[in-house]
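The structure under discussion appears below in the form of structure tokens.
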Amino acid sequence: MTAPRLIERRVRLHSPILHVVGLGLLFLVPGLLVSALIEWGSGGDDEVALLGSAALSGAIGYPLWWATEVRARVAASSVFGAVAWTWVASSVLGAVSFVWSDMFTMSEWDLALFESVSGFSCTGSTVLADIEANGRGVLMWRQLTQWYGGMGMVVLALSVLPYLGVGGLEMMTAEAPGDSSDRLAPRVTGTARRLWGVYAGVTVMVALALWIAPGMNLYDAFAHASTTAATGGFSTYNSSIGHFDSLTVEIIVIVGMFVCGLSFAWHYRAVTGHPEVYGRNGDFRLYTLLFVLGVTAVTAINWDAGVSFGTSLRDSAFNVATLSTSTGFGNARASGGVGDFVLWAASAQLILLFFMVIGGNVGSTAGGMKVFRLNVVGRHFTRTLRQLGTPRGVFPVKLGDQAVPEDIVGRVLAFVSLYFLVTVGGMLVVTALGTDVVTAGTGALSAMGNMGPALGEAGPTSNFLVFSRPARGVLAVLMLVGRLEIFAMLLMFVAPVRAARRRVRDRQLVLSQPGSS
Amino acid sequence: MTTRAVDRPAPTPHLLRRRSLFERRVGSVVGVSIALTLLGLGVALLLTALVDVTESADNAIELAAVGLACLAGTSLGLAVFQLPDPVPASRVLPAIVSSWLTVFAVSTAVYAVTGVTDRIDDALFESVSGYTTTGLTTVVPETLSRGLLFWRALNQWMGGLAALMLGVAVIPFFGAERAHVDSLGGAHGAPRLAPRVRQGFRNLAQLYAVSTLALFVAFVVAGMGVFDGISYSLTTVSTGGFANHSSSFAHFDSAAIEWVAVAGMGIAGANIAVLWWALVGATRPLRRSIELRVYLGLMAVSAALATAWTWQDTGGGHATIRHAAFSVVSLTSTTGHRVVEWADWATATQGLILVLLGIGSMGGSAGGGFSVTRVLHLWGSLRRELRYQLHPRAVIAVKLSGRSVTEASLAGAAGYQLLYLAVGGAGAIGIAAFGSDLLTSTSASLAALATVGPALGDLGAFGDVSALDRGARAVLMVLMFAGRLAIYPLLIAAGALVRSLREVAR
């Protein structure tokens, strides 16, 4: 991360937040340029807007990045601030580009911001009533916001958050392939270099598979592959994957989502010659087991409700996959089937809610509470019960053959509590703003876990326009809170406030010593 | 999670060890506790028969017969079983669980013998709902004789007392539930009830009886009849929720009675140690208890919100405030008395109701639920977690009411939250499997686990639980029982059962 030496010995401001925000905005430029190219090639009329957004992004990002630097020692508050503000800044830029390219009008700026937050947080809840009314380049850019979000998430989950010890993620330090340096910056660059290759590789593979499958052209394939890899769930069609009405496409997407709900660190290990990494991992086994159990149970419930076995299996597998990986594609088809899970029996919906809470694995692009934490919590319970039987015994919580330190168990428990607290708080506010309790509660859960669709009125064939404007604001905040593992958003103001205070104090010092200036 | 004082022998009353009809009695904690439970039930049933005689004496003979059978069971049990010395700690919770099961069985027998319900599972539901102080009912109270109405109310009163004793004296020794323990052991500004367990029991029973009496007087002064006064004070002080009328408190249509009930329910859901010290003149615990302030504040804020949200639809005025306050206090204290159908309120209130169902009353009260105490523990550890995030190497103690809380206690609260959610979620899936909608099954599961009773959706304040499928009602029974015993004892007892079955098999 060294800046080109345009001016020797220039004085750079030490600000990790501005530096990372600048870098983040610079990263968006190629995506916007590609989208502009597609828009121009497909005969759309918004390529200028996309080009302009690219220019804007570069014009803001480059100076920020150039004028600042990150020194060796970075306070935790600055790292949290950098992460949170990068996501906020990207979302704002995304909103600007959406308005500029006429996806939303100027007065609908809040919708644009919601859509953009939903994109960069890989959530996939949409407030576009008619997606297909937009140009192909603009829609590609909308898909790419999720792809960028996923890209950020992979690095965040495997190098930044473990470094900060968020919610017990320090257990993941051994997982991240990269520099084992104590310093953050080399670790981040190391992880990014290795994992982004895997991420891009998975995207291309899914895209090729979808392209070969009947029904999708290259554009559709890439558009949906990028949101599959990001477990985002945006689609370029109103009826999402259901638009293609193709079993092959659905199977490819199910496999893609499942793979992207696994840690990209495992994929990296597997690619570099250690495919046994999956089988050895307790999280992988639990995730797979839950997935299989969930599909079985939901299939049985739908089958029992009178749907044919094949359709029931197809739609159950798709929706369990889409919710357990927090993707949020819909497969409600014009030709029938039971893709819209809002119409399912309540017991099947509750099982889906369970998957919405748990989400995918740490190190994947999926959201939710994470399988890792479920694993720790479950083992904590079995330990507690054994302890009750044998009060003097010492039973460590073990993941594989590794004992989890007690303080980490405590922090995992605290994180999960916090997760529920924030969700319930969100539900309370959203219901207070006039949404019925089922839609509000599942909406909050969906936003917090970066799923996309919810139950009640905000199902997979509906959109988030059913929420009132302030309620959408609350949900957008929840999306970012959930995406960044809660703490970054809660602590995003700490570093800026501290820096401002320090600056004031320094000035006072200078003023009080007249001879020194 | 650490434990301590697990092997401490329970005090063995001499009476139970000396007089022996048989030469050698079998040492069994479970047997003796069942026998003693039957003693209590027998006396209660004879009393109920007496009450029945005061009106029509429809069921007096059946009641007395079951009561005498209970007493016969007691003498047989005490003749066969004795307390082993020392009492093995591992047998105490199985004994408690089996004495609860005995109570359910006897009460079921009473309902079956008197023909209150056609089916045995309805009778069981009624007794489980009664003893766990939940208050869902499958019968129409107006059709019952005076004796049976009294019996239902008395069930709840006994259940409330048993739950209090369980929380104060027994669960603390098992270490599973530190959050609960600390609330009773003085971490929240309230010293223990008494240094010794037996004296603690006595103080507690006295306070419970005195509150019942006071509430009875208040109800009668506010205009209730004597019999209604007795029944409603029994079901209010125990946070039970059974009523002598299908329309519960709406039957009286009296502001004075409703406000008395609000006060009674609020007090019933408060920590009994704090109340005890306040009553004997030490107001310091009362003033220092942050838990009490949060409990009262929660009810006040919720009542204000509910009032504001229902103001328009219900015409405003005193009645709106009163009904909102009544419903909120009824839900928070986990009583389940009803005066208005809260399921029909504006959608905004439903989230609030769900949250109140999820929080419940103060720890160390007759009320159930997750408890304000544990919520405060969680809140403390969350605030600490935020500070840890910025200062990873800091050593930070969580304090409540000016005293620091142990790590085990914090982990206990967090663990209990997840266990509670897991059981509640599983219960919701179970109820939904029998055809209830999402809101009904989720809220009913939460309400049963918190021993509130009425919930939202089809099972609102005046919802009819007999309209649910029998399977769903069976799930509700399990939830009520688990919630009443704070889940862990049930798991331990199940574990002990499995172990002894294995031993038998060997």
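The values are calculated or read from the model by the stated rules, or taken from the named source; none is laboratory data. Bear in mind that the values here come from a model prediction, so they are computed numbers and not experimental data. Cβ atoms come from the backbone with ideal geometry, glycine included; neighbour counts cover every protein chain shown.
Only residues that are touching a helix residue (DSSP H, G or I) at 6+ places or on another chain (Cβ under 7 Å) and either at the interface with chain B (Cβ under 7 Å from one of its Cβ atoms) or not polar (S, T, N, Q) (or both): list them for the range A:421-430, please.
First, pick out the residues of the range A:421-430 that are touching a helix residue (DSSP H, G or I) at 6+ places or on another chain (Cβ under 7 Å): A:421-424, A:426-430.
Result: A:421, A:422, A:424, A:426, A:427, A:428, A:429, A:430.
The conditions of being touching a residue at least 24 places away in the same chain (Cβ under 8 Å) and either in contact with a helix residue (DSSP H, G or I) (Cβ under 6 Å, 6 or more places away or on another chain) or over 26 Å from residue B:352 (Cβ atoms) (or both) are met by residue A:399. Just one residue in the set A:454, A:458 is within 12 Å of another protein chain (Cβ to nearest Cβ) and either assigned to a loop (DSSP other than H, G, I, E, B) or modelled with pLDDT under 95 (or both); that residue is A:454.
Of the residues B:335, B:314, the single one that is under 23 Å from the mean Cα position of the chain (by Cα) and either of a type outside the set (A, V, I, L, M) or more than 24 Å from residue A:421 (Cβ to Cβ) (or both) is B:335. Residues in the range B:412-455 that are crowded, with 24+ Cβ neighbours inside 10 Å, closer than 23 Å to residue B:362 by Cβ and at the interface with another protein chain (Cβ under 7 Å from one of its Cβ atoms): B:414, B:415.
Of all residues in the range B:378-392, those that are within 7 Å of another protein chain (Cβ to nearest Cβ) and on the phi < 0 side of the Ramachandran plot have Cβ atoms under 6 Å from Cβ atoms of residues that are assigned to a helix (DSSP H, G or I) and of a type in the set (Gly, Ala, Ser), 6 or more apart or on another chain, in B:378/A:417; B:378/B:413; B:381/A:414; B:385/A:414; B:390/A:76; B:390/A:77.
Just to be sure, is residue B:179 crowded, with 21+ Cβ neighbours inside 10 Å, in contact with a helix residue (DSSP H, G or I) (Cβ under 9 Å, 6 or more places away or on another chain) and modelled with pLDDT under 95? Yes. Residues in the range A:367-385 that are within 14 Å of chain B (Cβ to nearest Cβ), under 17 Å from the mean Cα position of the chain (by Cα) and of a type in the set (Phe, Trp, Tyr): there are none.
With respect to residue A:74, is the statement that it is among the hydrophobic types (A, V, I, L, M, F, W, C), out of contact with any Gly (no Cβ under 8 Å at 6 or more places or on another chain) and not in a helix (DSSP H, G or I) true? Criteria met by residue A:74.
Residue selection: residue A:395 satisfies the criterion of being within 14 Å of chain B (Cβ to nearest Cβ), of a type outside the set (S, T, N, Q), under 22 Å from residue B:415 (Cα atoms) and in a loop (DSSP other than H, G, I, E, B). The set of residues from the range A:227-249 being of a type outside the set (Val, Ile, Thr), buried (at least 24 other Cβ atoms within 10 Å of the Cβ) and assigned to a helix (DSSP H, G or I) comprises A:229, A:240, A:242. If you check residue B:63 against the conditions, is it over 24 Å from the mean Cα position of the chain (by Cα), part of a helix (DSSP H, G or I) and either surrounded by fewer than 22 Cβ atoms within 10 Å (Cβ to Cβ) or modelled with pLDDT under 95 (or both)? Judged against the criteria, residue B:63 is a match. For beta carbons closer than 8 Å, sequence separation of 6+ or different chains, a first residue in the range A:491-517 that is modelled with pLDDT of 75 or more and a second that is among the aromatic types (Phe, Trp, Tyr), the qualifying pairs are A:491/A:80; A:492/A:80; A:492/A:85; A:494/A:80; A:495/A:80. Here residue A:433 fits the description: more than 19 Å from the chain's Cα centre (by Cα), facing chain B (nearest Cβ under 9 Å), within 30 Å of residue B:345 (Cβ to Cβ) and of a type outside the set (Asp, Glu).
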